[in-house]
Amino acid sequence: MNFSRLSLVPRRVYAELDYARHMPQSYVNRMKRTVPRKVYDNRFGAPKIVRYYVHPDDYVPNPEGRPWEQKPLQDAVSRENTYHSHLLHNKFHDFEHKRIKPIPAEKWTIFPGDTVQIMVGKDKNKQGVVARVLRETNSIFVDGLHTKLEKENAELKTYGIPPSYRWVECRLDPLKNEVQLVDPNDKEPCTASWILNEAKTEWIRVSDRTGYEIPMPNQAYVTYEYVSPSDYIEVEGKDTTSLQVLKRTYTPKLSLVEDQLAEELGIKEDRVPRPTYWY
């Protein structure tokens, strides 16, 4: 007799770490403006026509922020107005296809809170802490480094109010080796990869140069709901408690649904069903 051997590989938990991991996908799509605006169906057998706010093929991720932030949302609304203006005037609208190929989640190794070294620009060879990460566009922002001077409130100049300026972090692309992790063993830049630990129970991040383990920072587990999973407080009356979620409320039985309902409601059936024949 031949038996198939099933290898139990631990789940790649690190691939799911993201600030917006608990945000509803419907909300994210609304902020991207890639939801249907009008659906023309009931066309006597013809396929339905879907008219979007912004066509999904026309959506381009913004490398400077999340879809619900002010600047990316303004760009999405502007693209939406251009898209519908071309539709109303029967003009050709060229879709902006994605130009950035994101790094697979299984190969992503840099997270918020990591110590990294900048390899390009005016702050080359300087080390800092990662402030935020945008996996969709391979963007990494280092706190206080690789910055540019940006003007604010420029439209208030017409009212006699001088504009203000601030330093803004610019994106760094790990795919182009613009930023690298710092090996905690010798404080030098390195690349990293994911391997299983000796017990084969967990994925760990190690340096490709020294083989030294690079621990995950606490900031990598922060989401918009909590700072750490252990400190999360369930809101009574709004959240479904973990005890209720894990409670087993269904027991399978070899009976029909009607029979189960009759048993729970105390209904006794005295009628005998007529015999049926199959030919």
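Determine, for each peptide in 249-260, 142-153, the mean count of other beta carbons within 10 angstrom over its residues, then list the peptides with the highest first.
Details: 249-260: 8.2, 142-153: 14.6.
The peptides rank, most packed first, as 142-153, 249-260.
Positive end of the dipole of the chain, charges at C-beta (+1 Lys, Arg; -1 Asp, Glu), about the Cα centre: which of 90, 193, 220 has its Cα farthest in that direction?
The one lying farthest along the dipole's positive direction is 90.
Taking the Cα centre of region 19-89 as the origin, how large is its charge dipole in debye, to the nearest 20, when only Lys and Arg (+1) and Asp and Glu (-1) carry charge on their Cβ atoms? Please list the in-between numbers first.
On the way: 12 positive and 7 negative charges, 53 e Å.
Dipole of region 19-89, to the nearest 20 debye: 260 debye.
Kindly rank 31-37, 238-244 from highest to lowest mean number of other beta carbons found within 10 Å of each residue. Don't skip to the answer; put the middle values down first.
Values: 31-37: 16.6, 238-244: 9.3.
Going by the mean number of other Cβ atoms within 10 Å, highest first, we get 31-37, 238-244.
Under a crude label model (7 Å from the Cα following the beta-carbon direction), how far is residue 271 from residue 233 in nanometres?
Inter-label distance under the simple model: 5.7 nm.
If contacts are Cα pairs under 8 angstrom and at least 6 residues apart, what is the relative contact order of the chain in percent? Don't skip to the end; give the middle numbers.
Numbers: 362 pairs, mean separation 40.7, N = 279.
Relative contact order comes out at 15 percent.
Which of the three applies to region 114-221, rounded, prolate or oblate, going by the alpha-carbon gyration tensor with a ≥ b ≥ c and a/c under 1.5 meaning rounded?
Working: a/c = 3.47, a/b = 2.52, b/c = 1.38.
Prolate.
Of the accessible area of the chain, with the probe set at 1.4 angstrom, what percent is carbon plus sulfur? Before the final figure, lay out each step's value.
On the way: 11100 of 20970 Å².
The nonpolar share, carbon plus sulfur, comes to 53 percent.
Given R₀ = 35 Å, FRET efficiency for residue 213-residue 148 by Cβ-Cβ distance, to 0.05?
Details: r = 35 Å, r/R0 = 1.00.
About 0.50, to the nearest 0.05.
Using a basic spin-label model with each label point 7 Å from the Cα along Cα→Cβ, how many nm lie between residue 49 and residue 15?
In this crude spin-label approximation the distance works out to 4.1 nm.
Going by average Cβ neighbours within 10 Å, how do the peptides 192-202, 263-273, 106-116 rank, with the highest at the top? Don't jump to the answer; show the numbers that get you there.
On the way: 192-202: 11.7, 263-273: 7.4, 106-116: 18.2.
Highest to lowest by the protection proxy: 106-116, 192-202, 263-273.
Put one equal scatterer on each alpha carbon of region 19-89, apply the Debye formula with no solvent term, and list log10 I(q)/I(0) at q = 0.15, 0.26, 0.27 1/Å to two decimals.
-0.56, -1.19, -1.24
So what is the calculated 222 nm ellipticity per residue for the chain, using -39500 (n - 2.57) for each DSSP H run with n of 4 or more, over all residues, to the nearest 500 deg cm²/dmol?
Helices in the chain give a 222 nm mean residue ellipticity of -4500 deg cm²/dmol.
Just to be sure I understand the curve: with the Debye formula and one point per C-alpha of the chain, what is log10 I(q)/I(0) at q = 0.17 Å⁻¹?
-1.38
In vacuo Debye scattering of region 99-160, one point per C-alpha: log10 I(q)/I(0) at q = 0.17, 0.25, 0.27, 0.30 Å⁻¹?
Here log10 of I(q) over I(0) equals -0.70, -1.08, -1.16, -1.25.
What accessible area per residue, rounded to a whole number of Å², is obtained for region 19-89 using a probe radius of 1.4 Å? List each step's numbers first, then the result.
Numbers: 4550 Å² over 71 residues.
It amounts to 64 Å² per residue over region 19-89.
To the nearest 20 debye, what is the magnitude of the charge dipole of the chain about its Cα centre, counting +1 on the Cβ of each Lys and Arg and -1 on the Cβ of each Asp and Glu? Display every interim value, and only then the final one.
Details: 42 positive and 40 negative charges, 203 e Å.
For the chain, the charge dipole is close to 980 debye.
Roughly how tilted is helix 70-88, in degrees to the nearest 10 and between 0 and 90, from the longest Cα axis of the chain?
In the chain, helix 70-88 runs at an angle near 70 degrees to the longest axis.
Can you divide the C-alpha Rg of region 24-149 by 2.2 N^0.38 Å and report the result to two decimal places? Don't skip to the end; give the middle numbers.
Numbers: Rg = 19.1 Å, N = 126, 2.2 N^0.38 = 13.8 Å.
Relative to the 2.2 N^0.38 Å estimate, region 24-149 comes out at 1.38.
Provide the gained length on full extension for the span residue 254 to residue 82, in nm with one decimal, where the gain is 0.36 nm per separating residue minus the Cα-Cα distance. Walk me through the intermediate numbers first.
Working: separation 172, 0.36 × 172 = 61.92 nm, distance 5.92 nm.
This chain segment gains 56.0 nm when fully extended.
Just to make sure I understand: if all protein chains stay in place, what is the order of 17, 175, 156 by accessible area at 1.4 Å, largest first?
Working: 17 10, 175 110, 156 55 Å².
Final ranking, largest accessible area leading: 175, 156, 17.
For region 124-258, what is the accessible area per residue in Å², given a 1.4 Å probe and the full set of protein chains? Can you show the working numbers first?
Numbers: 9620 Å² over 135 residues.
Heavy-atom SASA per residue in region 124-258 reads 71 Å².
Quick one: of 32/157; 38/91; 38/101; 101/126, which pairs are farther than 21 Å apart, Cα to Cα? Working shown, then result.
Details: 32/157 31 Å; 38/91 19 Å; 38/101 30 Å; 101/126 27 Å.
As for pairs spanning more than 21 Å Cα to Cα, those are 32/157; 38/101; 101/126.
The values are calculated or read from the model by the stated rules, or taken from the named source; none is laboratory data. What you see is a predicted model, and the numbers here were worked out from it, not measured in a lab. Cβ coordinates were reconstructed from backbone atoms using ideal geometry, including for glycine residues, and neighbour counts include every protein chain displayed. Heads up: the accessible areas ignore ligands, DNA and RNA and are worked out on the full protein's heavy atoms, side chains in. Shrake-Rupley method; radii C 1.70, N 1.55, O 1.52, S 1.80 Å.
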